[in-house]
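Read-outs throughout are calculated quantities, based only on the coordinates presented, and are distinct from any laboratory measurement. Computed from a predicted structure; not experimentally measured. Here the Cβ is made from the backbone with ideal geometry for all residues, glycine too, and neighbour counts use every protein chain on show.
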Amino acid sequence: MSATPEWWEKEPLRFECQADCFKCCLKPGVIYFDGEDIRRIAGHLGVSQKEFKAAYLTRDDGHYVLEVSDRDPCPFLTPGGCGVHDVKPKQCQTYPFWRENLDYRSTWKLVGAFCPGVDKGPMVPLKTIKHLLDIFRL
């Protein structure tokens, strides 16, 4: 027996980051870091993992997190964009293809009201969407 396809498995989704848009980097919330994220970014910044965690992360329910708020934006955001773009955390790499954003078509449309890249650019292959959903899970 096969499971019922998700709505996004039946309809093509389009997405393309828009030039000079960093709205997702300014969105208040929590960014989760796994061990691989910490190793990559600490190496990129030229600091030890211990120094990186002490400088940027806190623990929340067993996870390392970076809290972003209106008063405290992402410390890696520069005027030119993400300062750790090539090694950014999995959560950032996979936006907006998060399970919660794909639960309902209406939610995807709400994300599109915030993110100008939703419904723009080329169709994202179903295989890519499934891969992105697998990359970042809690």
All lysines inside 25 Å of Lys50 as judged from Cα atoms, apart from same-chain residues fewer than 8 positions distant: Lys88, Lys90
Cα-centred dipole magnitude for the range 29-68, charges only on beta-carbon of K, R (+1) and D, E (-1), debye, nearest 20: 200 debye
Contour excess over end-to-end distance, with Cα ends at Arg137 and Glu100 and 0.36 nm allotted per residue: 12.2 nm
Max mean-square fluctuation residue, GNM over the chain, Cα-Cα springs under 10 Å, options Arg105, Arg59, Arg71: Arg71
In sequence order, calculated HN-Hα J values of the range 78-84 (Karplus, 6.51, -1.76, 1.60; Hz; x Gly/Pro): 10, x, x, x, 5, x, 10
Value at 222 nm in deg cm²/dmol, rounded to 500, when DSSP H runs of n ≥ 4 in the chain each add -39,500 (n - 2.57): -10000 deg cm²/dmol
Estimated D of the chain in µm² per second, where Rh is the Kirkwood radius over Cα pairs and Stokes-Einstein applies at 10 °C, 1.306 mPa s: 97 µm²/s
Amide H within-cut-off set for Val124, under 5 Å, with H built and near neighbours excluded: Leu13, Arg14, Phe15
Quotient of Cα Rg and 2.2 N^0.38 Å for the range 29-68, N being how many residues it contains: 1.06
Virtual paramagnetic centre 7 Å along Cα→Cβ of Arg59, amide N under 20 Å, in the range 6-38: 30-38
Lysines with Cα under 16 Å of Lys120, excluding same-chain neighbours fewer than 8 positions away: Lys23, Lys109
